[in-house]
Amino acid sequence: QGWQAHTSFRSVLALASGGDELWAATEGGVFGYNTTSGEIRRFSVIDGLSSVQTRAIATDPARGLVWVGYADGVLDRLDPSSGVITSFRDIERADQFSSRGINKIVVRGDSLLIATEFGVVIFDPVKTEVRDSYTRLGTFSAAIVANDVVIAPGESGGDRMWVATDEGLAHASMAGGNLQDPAQWSNESSGLISSADDVMSVAWFDSQIYVG
């Protein structure tokens with residue numbers, strides 16, 4: 001008889017929706033809940049997850065995958081149809097940064113936008129490699145903690161990348177500029193309600209940017 005993992009799935013840290021299935025990252029692993037049948041599928045370290053330090057989760061409908069991010073920077077790819085889990089350690093190995101945790105994963109076309117403890121990482125889910133990283137977001141501190149990221153239109157139209165950081169909100173146009181260049185980024189902090197300016201989340205809804 002094989003090993004069994006007795007971990008708690010009660011503390012949910014992040015959620016993602018994938019059609020009829022909701023996926024949750026918890027302190028004990030990952031589970032999927034089918035909203036039609038009520039079936040629950042659980043995955044833990046026994047099934048191949050890198051650890052129980054989950055922080056972020058995202059569904060990838062185009063490829064039929066679920067991506068899981070951890071506090072140590074490891075990125076897991078879960079194939080729900082087969083149960084196969086593959087780990088990618090590019091972010092974890094970026095040891096020039098003291099903290100490398102993954103805070104948010106956003107699937108957009110042929111890219112994963114990953115908010116990390118040192119900025120934003122662009123990961124290629126097909127080639128399974130880091131394509132780019134943005135660690136200097138305008139006038140904010142270098143390697144600033146990125147808590148969330150979203151692509152949404154700006155005031156003049158055209159898509160912009162919006163990043164929630166510990167020093168405020170950073171945003172830059174997606175129209176061909178080199179986002180590794182700090183000059184491409186604009187910063188918003190003085191108008192935010194929080195006196196500490198630390199922005200934990202950002203979302204686009206009904207033609208408005210919402211900041212948490």
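Annotations
- In region 34-88, the residues that are farther than 26 Å from PHE118 by Cβ and in a strand (DSSP E or B): ASN34, ILE40, ARG41, ARG42, PHE43, ASP79, VAL84
- Answer residue from region 169-188, given it is part of a strand (DSSP E or B) and of a type in the set (S, T, N, Q) and is nearest to GLY109 (Cα to Cα) among those: SER173
- Within region 109-132, the set of residues being among the charged types (D, E, K, R) and either open to solvent by 50 Å² or more (accessible area, probe 1.4 Å) or in a loop (DSSP other than H, G, I, E, B) (or both) comprises ASP110, GLU117, LYS127, GLU129, ARG131.
- Selection within region 133-168 - buried (at least 18 other Cβ atoms within 10 Å of the Cβ), farther than 17 Å from VAL107 by Cα and charged (D, E, K, R): ARG136, GLU167
- Scanning region 169-178 for residues that are open to solvent by less than 60 Å² (accessible area, probe 1.4 Å) and either hydroxyl-bearing (Ser, Thr, Tyr) or free of Cβ contacts under 8 Å to residues at least 40 places away in the same chain (or both) turns up ALA170, HIS171, ALA172, SER173, GLY177.
- Residue within region 109-117 that is touching a residue at least 40 places away in the same chain (Cβ under 8 Å), of a type in the set (Val, Ile, Thr) and over 28 Å from ASP72 (Cα atoms) present: no
- Qualifying positions in region 6-25 - among the aromatic types (Phe, Trp, Tyr) and assigned to a strand (DSSP E or B): TRP23
- Considering TYR33, TYR70, the condition of being open to solvent by 30 Å² or more (accessible area, probe 1.4 Å), aromatic (Phe, Trp, Tyr) and touching a strand residue (DSSP E or B) at 6+ places or on another chain (Cβ under 8 Å) is satisfied by TYR33 alone.
- ILE91 vs. criteria part of a loop (DSSP other than H, G, I, E, B) and within 14 Å of the chain's Cα centre (by Cα): yes
- The residue that is modelled with the highest pLDDT, counting only those in region 153-205 that are more than 17 Å from the chain's Cα centre (by Cα) and of a type in the set (Phe, Trp, Tyr), is TRP185.
- When VAL106 is tested against (1) closer than 22 Å to VAL199 by Cα; (2) in a loop (DSSP other than H, G, I, E, B), exactly one condition is not met: (2).
- Within region 98-108, considering residues that are of a type outside the set (Val, Ile, Thr), within 19 Å of VAL74 (Cβ to Cβ) and open to solvent by 20 Å² or more (accessible area, probe 1.4 Å), the one nearest to the chain's Cα centre (by Cα): LYS104
- Residue in region 86-101 that is farther than 29 Å from ASP198 by Cβ and either touching a helix residue (DSSP H, G or I) at 6+ places or on another chain (Cβ under 6 Å) or charged (D, E, K, R) (or both) present: no
- Any hit, region 190-202, residues being of a type in the set (A, V, I, L, M, F, W, C) and closer than 30 Å to ASP79 by Cα: yes
- Lone qualifier among MET161, MET200 - being within 25 Å of ASP60 (Cβ to Cβ) and part of a loop (DSSP other than H, G, I, E, B): MET200
The values are calculated or read from the model by the stated rules, or taken from the named source; none is laboratory data. Computed from a prediction, not measured in an experiment: that's the story for all the values here. All Cβ positions, even for glycine, are placed from backbone atoms using ideal geometry, and neighbour counts span all protein chains on display. In case anyone asks, the SASA skips ligands and DNA or RNA and just uses the protein heavy atoms, side chains included. Shrake-Rupley method; radii C 1.70, N 1.55, O 1.52, S 1.80 Å.
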